[in-house]
Amino acid sequence: MDRSQPPDKNPRPWLNPSESSGSLAPSSYPTPNSFSTSASSQAAPSFQLDPAPSSSVPGSTPGTAVPKVAIPRLAPSDVSHGRRRSARACEPCRQRKIKCDGLRPSCSQCIYHHQQCVYEDVKRVRDQKRLGLLAKRVEAYESLLRDLEDEVDLETARKIRRTMKNPGKPSPKHDDGSDSDSSMGSLEAIDQVDEDLNRSEGTRAAGFFGKNSEIQWMRKLETDMHMQSPGGAAPFLHPGSSQYSSFTQRLQMERTPSTSMMDYHLDNLEIPMVEPCDPFAVPPRELADCYFSAFLTYVHPTFGAIRLKTFISQYQKFVENTLSPPVKWLAILNMIFAIGCRYTRLVGNPDSNEEDLIFLTRARHLGLHGNVLFEHTDLQQIQLELLVAVYLLCLGQINRASKFSNMALRSALSLGINLRLTDNRTEDSAKEARGRLWWSIYSMEHILTSMTGRASCVGEGLCSVPPPLPCEEEFFNHPIIQQLLQDTNLRESQLTPTLFETSTQITSPAWISSCLPCPSLFFHFLVDLNLITHALMNKVYSIEGLRKGPSQIEYHVSKFGIRMDRWLDKVPSFYQFTLPEAGPWHLNHPKLDDISAPFVRESVCLAMSYYSARITLCRPCLTHINTQSSQPRSPETSGTPRAQSRAEMATQCLQASCAMISILPDEPNMSWLARTAPWWGVLHYLMQATTALLLGVSYCSYARMKSPRSPDATPGSPAIPAIYPPLLETDMSTAIASARKAMQWLHATASLDPAARKAFVICEGVVKKIAPGLDIDLRDWPDGSRFVEAIRSSRASSGNGNSNGNRDDGNGNGYKSGVESHGSGNGNGNGNGRESGHDSGSGMEAFEELIDFEGGVL
C-alpha cells in the first residue's frame, strides 16, 4: 500500500476515534499508558503498543477490539532430526571454528575429517588442576630448599630460611656480617710461605708447617705478643695510614720467629746406623715375644699394617726354626720389634736391654737398601714403609715420618689398594686385610697432616674401598659377615661412614650398634672419625677454602660439627668417654682414670682423637690479639648472628681444649700414659690443647693490659672492646687451671722425651709473657730452668755444636749414638732470641742442643 494514499474512510478499531476531534473517550481495549515521570522512572521514555492490523471478526460489532490469541511454543525437535550443537565443542572443532555435535568419544565432524577428537575440561576445572600442579611444584621446591640448606654456606642458608619464613618479601642484599668482618685469623695467609725453608739444614729438617698445625699457632702467638710489646707500635703514625701498615709489616717480619725455632719435634737429629750389624740376627725368644706382644696390643689396633692371623702363624713357625721367610718379611718383623722396643722402654721394662736402632738398621739392610727405590713395589714393601713411618712417628721424627708415609701411600695407589677389589680369585679375608692396610695408611696420613698442617695427598673422593669390618677375622665365616663380604650394597647401607650418611640413614638404627667390642670395632670408629676430620682439614685449611671466603668456611665448620656430634652419638656404651646424656664436655673420669677398667685404652684413644678434631674444627673462630689490632669491632657488629656464632665456636674450641687436658689424671702418671693413651701422638694432642688455651688466655691478657683504664696503655694503640669468648668470661680460672695442668704434664714427660722438653720450654716462655696481664702467680707452676741450664751446658761442652759420641747397646757393642747438631744458628734467626725481642727466660736461644733418643742431654 502506498503511504501517500489518504487514510481509509472507516476508522481502524484500534485507533482512538477522538484523535480527530481532540476529545478523550475510554476504549474497551485499553492501551498501555506511558511510563510515569516520577523520580524512580524519569529517565525512561514513554511509548505505546502498536498492534498489527487484522481483518474484522465475524459477529463482532464495529469499533470493538479483537482479543489476542496466545501462540504456543514450539516443541523441541527430535535429536534425530536436523543438526545438534553441543554446549562444549571438542578442540579440533574449536580450532576450525565449526559447529560440533558433542558426541563422545568422537564427534561427527572429527569422524568425517578423520581427526582425533579431544575434549578439554572447562576453564574452572582447568584452573583447579593447574593450581594443584603449582601447589605440588611449590612443595617440591620447598623440600629441595630444605635439603640444600645443609649444603650451602651460612649466608645462603639464612636467606633460604628467611624466604621460606616470610614468602613474598625480598631478601636483603647485605646479610648479618660480611666476609671482611672475619675472625678467621689463622687462615689469612694459608697460601703463603714467609721464610725460605731451603736456607739451612735446620729449616730443611723442620720443613713446612701449615695453618692447622699447633706450631704455626704458637708461632703466630709469639709474633702477636712481640708486636704488642713496647717498641711494637708506631705512636707517631696513624693506624690507618700506608706508612703505619708498611711499618707494621716490616716489624712483623723482623719479630716473627722461624719455624725451626718453634718446632718441638726431633727432625734435626740424625738417625745413625748401628754398625757392624747382622741383618739376620734375632733377639732372645722371651724378648722377641715381649716386643711382638707390645706391638700387637698397643699399636696394631690403630695401624693394622699386617694380616694378624696369618702373621702370627708365620711368626710362630719362624721362632721355632720351621720357616725360612723372605728378607722383606724379616724387615717387617724387625720394624715390629723396633716399635715394641720403644714401648717397653717407655714403660720402664727392665728386660728391654736392646736398642731399637739396631732393629731399624737391620730393616734398612733387608728392605730399605739403595736399590729398593728402583724396584717395583709389592704388598710387603707397602707394609714395611708404613711401619717405618710409625716408628719415626714414635721417635719424634715427624718430617721423616711424613716422607715414608707418602711413599707407602703412593705405593698403595700404584697397586690399587685404595679401590674395591672384585677379583673372585682373591679370598674375602685377603681383600679385607688389604682394605685395613689402606685405612691404616689413611690414619697415618691423617695424624701427620694434623701435626704438620701440610696439604694432604688423600681425600674423601680418592678411595672406594669399603670401611673396615667391625669384627675379627675369626668371625668371617659367620653368615651375617659372609653376607656383608659378598653383598656390596648391603655393606654400604649398613656401614656407611658418618661423613656420607643421608638423612634417612641418620634416623634409622645401624647394624653396627649390635657388634661386640673388639679391636676391629675400635679401628672402625677411629677411621670413621678420621674421615670427618680429614675432610674438614681439606675444606677449611686449604687454598680452596681460602678462595671461597669465610662464609663458606663457616658453613663447613657448622656442617662438620654436626657430623662429629652424630659420630659421638654412635659410639657404643663400652667405648663411650662422656657421661650419658650429658653433652660432649662432661667426661666419665672414674672410667678414664682407672687403668684396670675394661676398654679404657680404646675410650681414651677415641676421646683424644675426638677433642683434637673439635679443636681443629673451631680453631679458625678463636680470636687472637692480632685480629683486633687495626680495626676493632663495633658493638653493632659484635652483636650480629655471625659474630655470635663465631664466639660460640671459639668457646667450643676452648671447651674442647679443657676437655682434652681433663682426660689426663690430675697428677702426671707415666704408666697410665703408656698403657691407655696413644703414646706416639699424645704430645701432639697435649700441645694442640695447650696452644689453643694460651691463645684464648693471651687475648684476655692483652685486652686487660691495653684497655683505656690501664695506665701503661700504648698511646695511639686502638682500644680493644671487652668481647671475650664466653668460657673466659664466665670461668677464667678453668682455662688457667687447665693450662697449668698441661704444663705439669709437659714437665713430667720432659724428663723422658726430648721433644716434650722442647715443647715445655716454648710454652713456658709464652706463659711468662701472659701472666702479668692476668695477675697469675707462677710460683706454683712447674719450672723449666733446669732444662734450659742443661741445654746451655750441653752447648758449652759441645764447642761448635758438632759432636759425635759412642754408646753401648747393652751387649758390649759400642755404636755411634751422638747426633749432629747444626751450630748455634741456622742463618734464619735461630739461637738469637734476645736480638729478636724474645724474653730472656723463654729459653728460645738454646733449642739447638744435642739430645739422644733416650731423652738424656749429652
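The values are calculated or read from the model by the stated rules, or taken from the named source; none is laboratory data. Remember, predicted model here, so these are calculated numbers, not experimental data. Positions of Cβ are generated from backbone atoms using ideal geometry, with glycine treated the same way; all protein chains shown enter the neighbour counts.
Could you tell me whether any residue of the stretch 602-616 is more than 21 Å from Leu516 (Cβ to Cβ) and modelled with pLDDT under 90?
No, the conditions are met nowhere in the stretch 602-616.
Residue-wise test of (1) among the charged types (D, E, K, R); (2) under 30 Å from Asn530 (Cβ atoms); (3) modelled with pLDDT of 90 or more; (4) touching a Phe, Trp or Tyr at 6+ places or on another chain (Cβ under 7 Å).
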position	(1), (2), (3), (4)
Met273	no, no, no, no
Glu286	yes, no, yes, no
Leu296	no, yes, yes, no
Ile306	no, yes, yes, no
Lys309	yes, yes, yes, no
Ile312	no, yes, yes, no
Lys317	yes, no, yes, no
Asn321	no, no, no, no
Ser324	no, no, no, no
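Output the residues belonging to the stretch 544-581 that are modelled with pLDDT under 80 and among the hydrophobic types (A, V, I, L, M, F, W, C).
Leu546, Ile553
Is it the case that Leu484 is outside any helix (DSSP H, G or I), closer than 21 Å to Lys309 by Cα and over 28 Å from the mean Cα position of the chain (by Cα)?
It is false that Leu484 is outside any helix (DSSP H, G or I), closer than 21 Å to Lys309 by Cα and over 28 Å from the mean Cα position of the chain (by Cα).
Filter the stretch 558-568 down to residues that are buried (at least 21 other Cβ atoms within 10 Å of the Cβ) and in contact with a Pro (Cβ under 7 Å, 6 or more places away or on another chain), then give me how many there are.
Number satisfying all stated conditions: 0.
Condition check ((1) within 20 Å of the chain's Cα centre (by Cα); (2) modelled with pLDDT of 90 or more; (3) crowded, with 21+ Cβ neighbours inside 10 Å; (4) not acidic (Asp, Glu)) across all residues:
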| site | (1), (2), (3), (4) |
| --- | --- |
| Ser634 | no, no, no, yes |
| Thr640 | no, no, no, yes |
| Ala650 | yes, no, yes, yes |
| Ala656 | yes, yes, yes, yes |
| Glu667 | no, yes, no, no |
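Scanning for something closer than 21 Å to Gln380 by Cβ, polar (S, T, N, Q) and either under 43 Å from the mean Cα position of the chain (by Cα) or in a loop (DSSP other than H, G, I, E, B) (or both), does the stretch 285-303 turn up at least one residue?
yes
Return the residues of the stretch 751-779 that are free of Cβ contacts under 8 Å to residues at least 40 places away in the same chain and more than 17 Å from Leu693 (Cβ to Cβ); say none if nothing qualifies.
Asp775, Asp777, Arg779
Those residues that are surrounded by fewer than 12 Cβ atoms within 10 Å (Cβ to Cβ), modelled with pLDDT under 85 and in a loop (DSSP other than H, G, I, E, B), I need them from the stretch 100-124; list them, please.
If the condition is that a residue be surrounded by fewer than 12 Cβ atoms within 10 Å (Cβ to Cβ), modelled with pLDDT under 85 and in a loop (DSSP other than H, G, I, E, B), then Asp121, Val122 are the ones that fit.
Search the stretch 261-282 for residues that are closer than 21 Å to Cys341 by Cβ and in the same structural domain as Asn321 (by TED's automatic domain parsing) and pair each with any residue that is among the β-branched types (Val, Ile, Thr) and surrounded by fewer than 16 Cβ atoms within 10 Å (Cβ to Cβ) when their beta-carbon atoms are under 9 Å apart and the residues are at least 6 apart or on different chains.
From residues that are closer than 21 Å to Cys341 by Cβ and in the same structural domain as Asn321 (by TED's automatic domain parsing), the pairs are Pro279/Val327; Phe280/Val327; Val282/Val319.
Evaluate the stretch 485-498: report whether one residue or more is at pLDDT below 90, within 24 Å of Pro620 (Cβ to Cβ) and loosely packed, with under 14 Cβ neighbours inside 10 Å.
no
Select from the stretch 417-434 the residues that are part of a helix (DSSP H, G or I) and under 18 Å from Gln381 (Cβ atoms) and list them in ascending order.
Listed by number, the residues that qualify are Ala430, Ala433, Arg434.
With the requirement that a residue be surrounded by fewer than 16 Cβ atoms within 10 Å (Cβ to Cβ) and either aliphatic (A, V, I, L, M) or within 29 Å of Ala205 (Cβ to Cβ) (or both), what does the stretch 272-299 give you?
Answer for the stretch 272-299, where residues must be surrounded by fewer than 16 Cβ atoms within 10 Å (Cβ to Cβ) and either aliphatic (A, V, I, L, M) or within 29 Å of Ala205 (Cβ to Cβ) (or both): Met273, Glu275, Pro276, Ala281.
How do the pairs read when you match residues in the stretch 673-685 that are crowded, with 24+ Cβ neighbours inside 10 Å with residues anywhere that are not in a helix (DSSP H, G or I), using Cβ under 7 Å and keeping only pairs 6 or more apart or on different chains?
Here the result reads Thr676/Ile595, each pair linking the stretch 673-685 to a residue that is not in a helix (DSSP H, G or I).
Return yes when Asn212 is at pLDDT below 85 and either within 34 Å of the chain's Cα centre (by Cα) or not in a loop (DSSP other than H, G, I, E, B) (or both) and no when it is not.
yes
Is it true that some residue in the stretch 501-508 is surrounded by fewer than 18 Cβ atoms within 10 Å (Cβ to Cβ), within 13 Å of the chain's Cα centre (by Cα), assigned to a helix (DSSP H, G or I) and of a type in the set (S, T, N, Q)?
Among the residues of the stretch 501-508, not one is surrounded by fewer than 18 Cβ atoms within 10 Å (Cβ to Cβ), within 13 Å of the chain's Cα centre (by Cα), assigned to a helix (DSSP H, G or I) and of a type in the set (S, T, N, Q), which makes the answer no.
Please verify whether Ser440 is of a type outside the set (Val, Ile, Thr), at pLDDT 90 or above and crowded, with 21+ Cβ neighbours inside 10 Å, treating the condition exactly as stated.
Here the answer is yes, as Ser440 does meet what is asked.
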